[in-house]
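Structure first, commentary second.
The values are calculated or read from the model by the stated rules, or taken from the named source; none is laboratory data. All figures in this text were calculated on a predicted structure; none of them were measured in a lab. All Cβ positions, glycine included, derive from the backbone under ideal geometry; neighbour counts span all protein chains shown. Side chains included, ligands, DNA and RNA excluded: accessible areas come from the protein's heavy atoms. Shrake-Rupley method; radii C 1.70, N 1.55, O 1.52, S 1.80 Å.
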Amino acid sequence: MSLTSLSDEHLDNRRLMAMTATASLSAIWRNEVDPRNIVRTWRRAIPDAAEVVAEYQTRAAIDGQRFMDATLNDVGLTPTGPAINPAGFAGFTYPLERAPARMLEQSLEFPAYRALDGLQRGASSSRAMAGGLDSLVQIGSTAVADAGRQADGVVAATENQVTGYVRQVEAGACSRCAILAGRRYRSNEGFDRHPNCLCSHKPIIQGGETPDVQDPYEIFNQLPPDEQERIYTKAGAQAIRDGADMNQVVNARRGMSKTDGGSLVTSEGMGKRRGRYIGNAGRTMERHSVRGARMMPEEIYKRAGGNQRLINEQLERYGYTLPGGQQAEGVLRPQLSGWRGPSGSEIRDSN
């Protein structure tokens, strides 16, 4: 079986585990929680919910070890790293920010307070309960996927024959994940993710063939137009179709704001140091003698009124269309945050 097939199977297994766990959690919530006394009845059910999540976290960790062993065996290698303890990855949730893991039962208290908050804000009982259930499903799904990713990372970091990993994204991934598809990282680097993220590692084996990597633009082009617009926004998707760099379009939303006059602008790429622009967008606008805030693609299309020549000019002037065109790994300092070959110590150790 090829590495791509093994990786796809691994991703499918993790997705199925997360779905099965959340189905059981949904049943516990619906059967055990009384809308008239949400907090107390849910607290009684938390141990059952935690047991379900921990079971599938353990299974996800076991699958991480199985995947790595199968990947090495597929290229004729025998695993040399220590076997992980799958149960050691269960019973915790892993914050998205750099912070210690939390006990699972502590994190599982949140859905009850989410539902209670809905009631206090005037939501109907059914709507408030649905909000609590949504929160529970998100916590459970993310906890299972995170346990699997943690196991993947530990196995890769302790296996000398693995030098790094490639990020593999699931079909229909969000825009933030899609622009990271195919990026390469060292085996000991952290894995950026978001709630409900199911992206995974594809290992880079020392002496083995380079893994097939996903191309963010191929992922985009395979989507029907309505899905492109749902994931990247209507203006963002159109900008990518018109040749804009996907990273610029997606990252622009991080600094998006609305001016007093109602214009959509962004601070992304507009940073300064000692009075000079250090971001590509700011420098590009300066070269084109463009003053003021950096317009979002939405604002560019609105002001252009369908004039394609003007749209193309403005996408270039505001730093969305880049001279290097559309490249899978990005045009501006590609792979800056990713894996860039062996470190100095690794080179010395190999000599």
inquiry  = Out of everything in the range 57-67 that is in contact with a helix residue (DSSP H, G or I) (Cβ under 7 Å, 6 or more places away or on another chain) and open to solvent by 10 Å² or more (accessible area, probe 1.4 Å), what residue ends up being farthest from E105 (Cα to Cα)?
reply    = Q65
task = Being closer than 11 Å to I179 by Cβ and among the hydrophobic types (A, V, I, L, M, F, W, C) is the filter; apply it to the range 214-230 and report the residue that is least open to solvent (accessible area, probe 1.4 Å).
result = F220
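Taking the condition open to solvent by 80 Å² or more (accessible area, probe 1.4 Å), in a loop (DSSP other than H, G, I, E, B) and modelled with pLDDT under 95, does R348 pass?
Details: open to solvent by 80 Å² or more (accessible area, probe 1.4 Å): yes; in a loop (DSSP other than H, G, I, E, B): no; modelled with pLDDT under 95: yes.
The answer is no for R348.
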task = Give the residue, chosen from P95, P82, that is part of a loop (DSSP other than H, G, I, E, B), open to solvent by less than 20 Å² (accessible area, probe 1.4 Å) and either within 23 Å of T163 (Cβ to Cβ) or free of Cβ contacts under 8 Å to residues at least 12 places away in the same chain (or both).
result = P95
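Against the condition of a type outside the set (D, E) and at pLDDT below 80, how does Y185 come out, does it pass?
Numbers: of a type outside the set (D, E): yes; at pLDDT below 80: yes.
Criteria met by Y185.
Per-residue answers, yes or no, for (1) part of a helix (DSSP H, G or I); (2) closer than 27 Å to F220 by Cβ; (3) touching a strand residue (DSSP E or B) at 6+ places or on another chain (Cβ under 8 Å):
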| position | (1), (2), (3) |
| --- | --- |
| R230 | yes, yes, no |
| Q238 | yes, yes, no |
| G243 | no, yes, no |
| Q248 | yes, yes, no |
| R254 | yes, yes, yes |
| G261 | no, no, no |
| A281 | yes, yes, yes |
request  = Go through the residues of the range 293-307 one by one and say whether even a single one is part of a loop (DSSP other than H, G, I, E, B), at pLDDT 95 or above and polar (S, T, N, Q).
outcome  = yes
ask   = If you scan the range 272-309, which residues turn out to be in contact with a Lys or Arg (Cβ under 8 Å, 6 or more places away or on another chain) and among the aromatic types (F, W, Y)?
value = Y277
